[in-house]
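Report on the structure given below.
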Amino acid sequence: MTTPTDTPARIPGMRAAAPTVFVATPKGLAIIDTVAVDRAINGAPAALTSDEARMAAHLALTHGLARDVVAARVGVCERTLDRWFPTEKPRTPVVCGTRQGYDRHKRRKEDACGRCKAAYALAYRHYRTHGTYVGAPALTDTEWETAA
Ligand SMILES: [Zn+2]
């Protein structure tokens with residue numbers, strides 16, 4: 001009779017006929033050592049190339065392994081994992097009184113409200129002097145009250 005063990009079930013690696021496979025990626029062909037990928041995702045030490053690490057991380061995440069465990073097993077930091085496989089993050093809603101609010105009014109083909117016009121004017125003033133909207137000041141309540 002067998003007893004259940006505490007170790008998680010073995011994650012199946014890539015099903016390939018050969019220990020080395022070529023995988024088409026947007027950047028060209030990647031050469032993947034399937035044995036190294038299989039060892040890495042099951043916790044055995046393995047030296048992986050960047051392409052192999054990405055493939056191993058994909059397989060491990062698909063099988064529900066925690067992101068920190070995956071990062072440790074494939075030898076990349078969690079930020080790299082987040083860059084490779086971004087998680088869905090909630091979007092911040094666009095509010096009136098910002099340049100984005102002004103842009104939303106324009107996208108909806110409606111007249112911008114006063115707060116949005118003032119915020120856009122402030123941001124555009126910054127754009128004319130600096131050539132970018134990056135770092136443009138936001139419209140504050142006191143600026144809005146003095147403008148109105
Ligand atoms: Zn508005």
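Observations, loosely collected:
- Checking residue 80 against (1) β-branched (Val, Ile, Thr); (2) surrounded by fewer than 16 Cβ atoms within 10 Å (Cβ to Cβ); (3) within 14 Å of the chain's Cα centre (by Cα), the condition it does not meet: (2)
- Flag for residue 109 being on the phi > 0 side of the Ramachandran plot and basic (Lys, Arg): yes
- Of the residues making up segment 121-138, not a single one is away from the ligand (no atom under 16 Å from the Cβ), within 30 Å of residue 33 (Cβ to Cβ) and in a loop (DSSP other than H, G, I, E, B).
- Number of the exception - residue 48 against (1) in contact with a Gly (Cβ under 9 Å, 6 or more places away or on another chain); (2) within 30 Å of residue 135 (Cα to Cα): (2)
- Of the listed requirements (1) within 25 Å of residue 38 (Cβ to Cβ); (2) in contact (Cβ under 8 Å) with a residue 24 or more places away in the chain; (3) in a loop (DSSP other than H, G, I, E, B), residue 76 misses just one: (2).
- Screening 13, 75 for residues that are away from the ligand (no atom under 16 Å from the Cβ), modelled with pLDDT under 90 and either outside the structural domain of residue 134 (by TED's automatic domain parsing) or more than 30 Å from residue 145 (Cβ to Cβ) (or both) leaves exactly one candidate, 13.
The values are calculated or read from the model by the stated rules, or taken from the named source; none is laboratory data. Treat the numbers as computed from the prediction; the structure is a model and nothing was measured. Every residue, glycine among them, receives a Cβ derived from its backbone with ideal geometry; neighbour counts consider all protein chains shown.
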